[in-house]
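The structure appears below as structure tokens.
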Amino acid sequence: MTTGAVLGIETSCDETAAAVVVNGTEIRSSVVSSQVDLHARYGGVVPELAGRAHVEILTQVVTDALAAADLDGAPPVDAVAATCGPGLIGSLLVGLSAAKALAMSWGVPFVGVNHLEGHLFAPLLEAPDLEWPLVVLLVSGGHTVLVEARAPGRYRLLGQTIDDAAGEAYDKVARYLGLGYPGGPAIDRAAGEGDPSAFTFPRALLDDGYDFSFSGLKTSVVRTVDRHPEATTEDVAASFQAAVVDVLVAKARRAAVEHGAKGLSLAGGVAANSLLRRRTAEVAQELGIPAYLPGRAMCTDNAAMVAAAGWWRLGHDGPSELSLPADPNLFLPLAG
Ligand code: KG4
Ligand code: ZN
């Protein structure tokens, strides 16, 4: 079964999301309930609270997604997909169990989706006819990976972070600067008012392979602020952001050239960053290839990307077993 309506469910971290996508590309509905306010006063996601909040809101989110999709069949969808990892175990289990129960009661297939592969489907949802291979920079709160995607399901890992993820660096530096949680959008906003050349922060491994390192950068920000108490938050944020984006874009550019990419794409929460989007578009234009920059709502966690990846996996591998476990440490499925 490769066509039809798929209900996607995403609860791997702090967004409770459900969406209906038809034939892997047509988004009929996409509902995201964010827990940002719940976790903000703790300065980060509290796993126990996240799991409980998913339990409380998921039924409503799924009901809203089904209603907004305006499907009249019975059962309402042809399959149910849910994120099975990576993520917080207590959170993953909520969406995964609900998806299995719905699939069972409707008598339709269930398919488990890798959250990272879900992010890779975001550009495809917006540009279904794009040309392969793509170089994709997948940057989120938990991961920073540079991938050559030769087709859906065919991913080669070029590099990844050896310490902090890019989003994690944003969140930690934002907390240190007193910008609150989530840090990425706050730094992005503050940086817009600051001077990116006010401080020169390290660009780790800039010309060295495709791996990334961001933990030294975070330490350097802390040391600089200690030494320059007069520094404005805006200048520090802008200088930090310039260092992160310089490295991300330089490596993505080099990978696109080396692998003859026919497109350069961003995915994951940090792909919502305004400087990263602008610089990626400039590099793609310079290389004469298209840039695929999913809309901000498609970059951050959502269930449309899960439904799209689930639809493709279903056609390619068939349904998952109902005994499929949640795996907090799942990595991207690699296959050249
Ligand atoms: O993909 P995502 O929603 O969740 C994970 O799977 O991790 O990514 C969340 C991450 C957070 O670290 C957040 O600070 C970052 O994406 N982020 C941003 C921006 N918007 C979200 N980072 C930089 N600039 C942004 N505008
Ligand atoms: Zn994510």
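Values for this structure:
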{"item": "T161 being away from ligand 2 (no atom under 14 Å from the Cβ) and at pLDDT 95 or above", "result": "yes"}
{"item": "Filtered residues of region 58-107 (kept if of a type outside the set (G, A, S), more than 20 Å from Q35 (Cα to Cα) and open to solvent by 20 Å² or more (accessible area, probe 1.4 Å))", "result": "L66, D70, L71, D72, P75, P76, D78, K100, L102, M104, W106"}
{"item": "Residue in region 153-165 that is of a type in the set (D, E, K, R), in contact with a strand residue (DSSP E or B) (Cβ under 6 Å, 6 or more places away or on another chain) and not in a helix (DSSP H, G or I) present", "result": "yes"}
{"item": "Exclusive hit being assigned to a strand (DSSP E or B), open to solvent by less than 20 Å² (accessible area, probe 1.4 Å), within 21 Å of A17 (Cβ to Cβ) and within 16 Å of ligand 2 (Cβ to nearest atom), set V145, V113", "result": "V113"}
{"item": "Every pair of residues 6+ apart whose Cβ atoms lie under 9 Å, when the first sits in region 75-95 and is farther than 18 Å from N23 by Cα while the second is open to solvent by 30 Å² or more (accessible area, probe 1.4 Å) and β-branched (V, I, T)", "result": "L88/V45; S91/V45; V94/V55"}
{"item": "Count of residues meeting criterion [in contact with a Leu (Cβ under 7 Å, 6 or more places away or on another chain) and not small (G, A, S)] in region 304-327", "result": "1"}
{"item": "Qualifying residue in region 289-299 (condition: farther than 30 Å from S29 by Cβ, surrounded by fewer than 24 Cβ atoms within 10 Å (Cβ to Cβ) and out of contact with any Ser or Thr (no Cβ under 6 Å at 6 or more places or on another chain))", "result": "yes"}
{"item": "Qualifying residue in region 212-219 (condition: away from ligand 2 (no atom under 16 Å from the Cβ), of a type in the set (V, I, T) and farther than 30 Å from L130 by Cβ)", "result": "yes"}
{"item": "Tabulated pairs, region 318-334, first of a type in the set (D, E, K, R), second outside any loop (DSSP other than H, G, I, E, B), C-beta under 6 angstrom, 6+ apart or interchain", "result": "D327/G85"}
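Condition check ((1) more than 16 Å from ligand 1 (Cβ to nearest atom); (2) outside any helix (DSSP H, G or I)) across all residues:
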{"residue": "R175", "(1), (2)": "no, no"}
{"residue": "Y181", "(1), (2)": "no, yes"}
{"residue": "A198", "(1), (2)": "yes, yes"}
{"residue": "G216", "(1), (2)": "yes, no"}
{"residue": "A243", "(1), (2)": "no, no"}
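The values are calculated or read from the model by the stated rules, or taken from the named source; none is laboratory data. Because the structure is predicted, anything quoted here is derived from the model rather than measured. When we count neighbours, we look across all protein chains shown, and the Cβ atoms used for this are built from the backbone with ideal geometry, even at glycine. These area figures cover heavy atoms from the full protein model, side chains too; ligands, DNA and RNA do not enter into them. Shrake-Rupley method; radii C 1.70, N 1.55, O 1.52, S 1.80 Å.
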